[in-house]
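Colleague: This is the structure, below, for whatever I ask next.
The values are calculated or read from the model by the stated rules, or taken from the named source; none is laboratory data. Just so you know, these numbers come straight off a predicted model, no measurement behind them. Cβ placement follows ideal geometry from the backbone for every residue including glycine, while neighbour counts extend to all protein chains displayed.
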Amino acid sequence: MLVCNACGKKYPLSEPIWHCECGGVLDIEFKSELNFDIIKKRPPNMWRYRQAIPIDNDHNIVSFNEGFTPIVNYSVNQKEIFLKLDYLFPTGSYKDRGASILISKANELGIKKVIEDSSGNAGCAIAAYCAKAKIECEIYVPKDTSLAKLTQVKAYGAKLNIIEGNRLQTAQKALEDANSVYYASHTYNPFFYQGTKTLAFEIFEQLDFSVPDYLFIPTGNGTLFIGAYLGFTDLADNGYIDKLPKLIAIQSQNCAPIFKQYKENLKTSQRVTELHTLAEGIAINEPLRANQIIDIVKKTHGDILTVNEQEIKDALIKLSLDGFYVEPTSASSLAGFLKYKPTTKSLVVLTGFGLKSNEKIQHIVENY
């Protein structure tokens, strides 16, 4: 069932809606089934967790066999941690996890056209999966989106709408147009989170059927953060783990509304003034699901912290010199780890490929 997290109203999963009639956002009430004796015999992609994904019929699946991205050991400041290379997807970011499930559902519902707003990566992912499914697609992006991401969206054949404004204004424009077109939103649409939750299943398998003590995730709208929580909760509900990792949300100091709300113990989301940040993927000045993110932080005994521009640069250079070419948003998660300094088993998620931000990275490298 689709369940409104504001008024509690329920809708069938077969209804082509993306928000409640009261205006609230929807979550999915769905019993996931996980049997790793069966799962480990399947091909190494995220659809190996088929019984945990709410798509009714296999012929509706839209997939490039994505997922099961590597986890590698990494030494930093004399500490051994794990890096999850979640930028190694067909479109170069973890957003393919959510796009595969969301567009599979749109395909199942017979949707012929979708719209999405994005700072870049989600738009690229939705455009790619729509191209495979032959679903018409329009992507809305703010004017300062990286050229590489704009080119990628256009290459997939999607219509690109560049909005003269920031990320929030871009979302507002998409919302207006979503009155008449299915909104394949990675923030509103709950099917997206049913894809990002597969991150947790992969971590569990790849760490020899265990979970880290700490998980560091760049967080703007929280699509990976919320998804990871859903996945670990599914593992617990199926009896595979008895304790969830401490989830650590990383925000840019120049755009940190969730951090502000959390630290000041505010009940409602606070819009902040968005300053320029290298971490464009988490530059969300009024996150739709801020309360949900804070609730997850509390439930997992996690935390929210900010990193400044220099800390992001330092982490980016460190990763680059060790052979990991990621965009600045990805580097913010390592910057968060370095700032937080946990002493036990930690995993840092790298979310987007560096080729998406070549111009920014070139400037950082030349002036570092």
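Colleague: Provide a single number: the residues in region 2-11 that are closer than 17 Å to Y193 by Cα and loosely packed, with under 13 Cβ neighbours inside 10 Å.
Modeller: The number of residues fulfilling the criteria is 0.
Colleague: Here is a check on your reading of the model: is I248 farther than 19 Å from H19 by Cα and surrounded by fewer than 20 Cβ atoms within 10 Å (Cβ to Cβ)?
Modeller: No; evaluated as a whole, the condition is false for this residue.
Colleague: Scan region 122-139 for residues that are farther than 14 Å from K95 by Cα and buried (at least 24 other Cβ atoms within 10 Å of the Cβ) and jot them down.
Modeller: Within region 122-139, C137, I139 qualify.
Colleague: I'd like the residue in region 61-101 that is closer than 23 Å to A148 by Cβ and of a type in the set (A, V, I, L, M, F, W, C) and, out of all such residues, is surrounded by the most Cβ atoms within 10 Å (Cβ to Cβ).
Modeller: Among residues in region 61-101 that are closer than 23 Å to A148 by Cβ and of a type in the set (A, V, I, L, M, F, W, C), the one surrounded by the most Cβ atoms within 10 Å (Cβ to Cβ) is A99.
Colleague: Please go through region 116-126 and pick out each residue that is more than 24 Å from D56 (Cβ to Cβ) and either outside any helix (DSSP H, G or I) or more than 16 Å from the chain's Cα centre (by Cα) (or both).
Modeller: D117, S118, S119, G120
Colleague: In region 324-362, how many residues are crowded, with 24+ Cβ neighbours inside 10 Å, β-branched (V, I, T) and either touching an Asp or Glu at 6+ places or on another chain (Cβ under 6 Å) or in a helix (DSSP H, G or I) (or both)?
Modeller: Adding up the residues that qualify gives 3.
Colleague: So L319 clears everything in (1) out of contact with any strand residue (DSSP E or B) (no Cβ under 8 Å at 6 or more places or on another chain); (2) assigned to a helix (DSSP H, G or I); (3) within 22 Å of K149 (Cβ to Cβ) except one condition, right? Which one?
Modeller: For L319, the failing item is (1).
Colleague: Let me ask another. Check off (1) in contact with a helix residue (DSSP H, G or I) (Cβ under 7 Å, 6 or more places away or on another chain); (2) touching a residue at least 60 places away in the same chain (Cβ under 8 Å) for W18 and give me the number that stays unchecked.
Modeller: (1)
Colleague: Any residue in region 27-55 that is more than 28 Å from V3 (Cα to Cα) sitting within a Cβ distance under 6 Å of a residue that is outside any loop (DSSP other than H, G, I, E, B)? List the pairs, counting only those 6 or more apart or interchain.
Modeller: From region 27-55, the pairs are I39/R48; R42/R48.
Colleague: Identify the residue in region 140-166 that is modelled with pLDDT of 95 or more and assigned to a loop (DSSP other than H, G, I, E, B) and, among all such residues, is surrounded by the most Cβ atoms within 10 Å (Cβ to Cβ).
Modeller: Per the stated criteria, the residue is A158.
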